[in-house]
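Enquirer: Quick one: structure below, then a few questions.
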Amino acid sequence: MPLARLLVAGVVLALLALARTMILVDRPHPSERRDRAKLPLSPLPWLIGLVALFSMIPEGAILDWGALYLGNELNASTALSGFAFAAFSLAMAAMRFAGDLVRDRLGAVRTLRLCTVASFVGLVIAGQAPNVTIALIGFGIAGIGISNMVPIAFSAGGNIPGLAPGIGLSVVTTLGYSGILFAPSIIGFIAEYTTLSVVYTAVSLLNLVVLALSGLARHADRVGEAHS
């Protein structure tokens, strides 16, 4: 069997090598030729991307580990554990629908700051909760805060002066969504040696970085609306 597999692989490689010489090279018309997009050298999109990243890590931590936290560390039943996801998601969805109205009224910078404070408080409450009820309240408050942090960061990334919207937005979204992809597994590894209570409390500190960079959210304000 190993010999047969090697023979098949050899035949496939030979066919690929033969076919490669017959493939037509795509040569666009000179008028349609464009320069390759390069990663921006300005630190601004990367800093806004950091805001998105540190906003999405807490979101992933709650969505992926909230139910396990309630069940394993606060002794919630299996049915009740699911309310961690529900409380967070419902609060986040409700406030996200109202996000544009709030941002138009308060301005992107002030909205981001208020949301960041809410996220910080909610995560601390959830992480230090003595029982399930308090933890659910904490997750709900965190959901209210996190709801508009990411949309503001994405909007700011797509409106950076002097930078093509697609480039700025791609940097910010790539950094932001990496928080959803990689953070939950890292959090699970850390929780093996500590507790999820410690993890949620520690993750809340990421909001302090977002708060320090919140002035960058001014790029998310709509044209003609200046807020401080």
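Enquirer: Compute the Cα gyration tensor for the stretch 96-228, then decide on rounded, prolate or oblate, letting a ≥ b ≥ c be the square roots of its eigenvalues: rounded whenever a/c is under 1.5, prolate when a/b is larger than b/c in the other cases, and oblate in all that remain. Before the final figure, lay out each step's value.
Expert: Values: a/c = 2.75, a/b = 1.60, b/c = 1.72.
Cα axes put the stretch 96-228 in the oblate bin.
Enquirer: With a/c under 1.5 counting as rounded, go ahead and sort the chain into rounded, prolate or oblate using the C-alpha gyration tensor (a ≥ b ≥ c being the square roots of the eigenvalues; past the cut-off, prolate if a/b is larger than b/c, else oblate).
Expert: Oblate, since a/c reaches 1.5 and b/c is not below a/b.
Enquirer: A further question follows. Mind pulling the angle between the C-alpha long axis of helix 43-73 and the longest principal axis of the chain? Nearest 10 degrees, somewhere in 0 to 90.
Expert: Compared with the principal axis, the helix lies near 60 degrees.
Enquirer: Quick one: angle between helix 132-146 and the longest Cα principal axis of the chain, in degrees between 0 and 90, rounded to 10, please.
Expert: The angle comes out at about 60 degrees.
Enquirer: Under 16 Å from a label point 7 Å along Cα→Cβ of Leu68: give me every residue in the stretch 191-218 with its amide N that close.
Expert: 191-201, 203
Enquirer: Another one. Go ahead and collect, in residue order, the members of the stretch 113-141 whose backbone nitrogen is under 14 Å from a label point 7 Å along the Cα-Cβ direction of Asn75.
Expert: 130-133
Enquirer: 222 nm [θ] for the chain, helices only, -39500 (n - 2.57) per DSSP H run of 4+, per residue, to 500?
Expert: Working: 11 runs with 165 residues, N = 228.
Calculated at 222 nm, the ellipticity per residue is -23500 deg cm²/dmol.
Enquirer: Further question: Nearest 10 degrees is fine. How inclined is helix 165-193 to the longest principal axis of the chain, computing both from alpha carbons?
Expert: Long axis of 165-193 versus the principal axis of the chain: about 70 degrees.
Enquirer: Please list 3J(HN,Hα) in residue order for the stretch 90-104, calculated via the Karplus relation 6.51 cos²θ - 1.76 cosθ + 1.60 where θ = phi - 60°; whole Hz, with x for glycine and proline.
Expert: Once θ is set to phi - 60°, the couplings for the stretch 90-104 become 5, 5, 5, 5, 4, 6, 5, 5, 8, x, 5, 5, 5, 5, 5 Hz.
Enquirer: Sticking with this structure for a sec: For a quick protection proxy, order the peptides 103-109, 168-174 by their average other-Cβ count within 10 Å, most packed first.
Expert: Packing proxy ranking, top to bottom: 168-174, 103-109.
Laboratory data are not the source of any read-out in this text; all were calculated from the coordinates shown. All of these numbers come straight from a predicted model, not from anything done at the bench. Cβ atoms come from the backbone with ideal geometry, glycine included; neighbour counts cover every protein chain shown.
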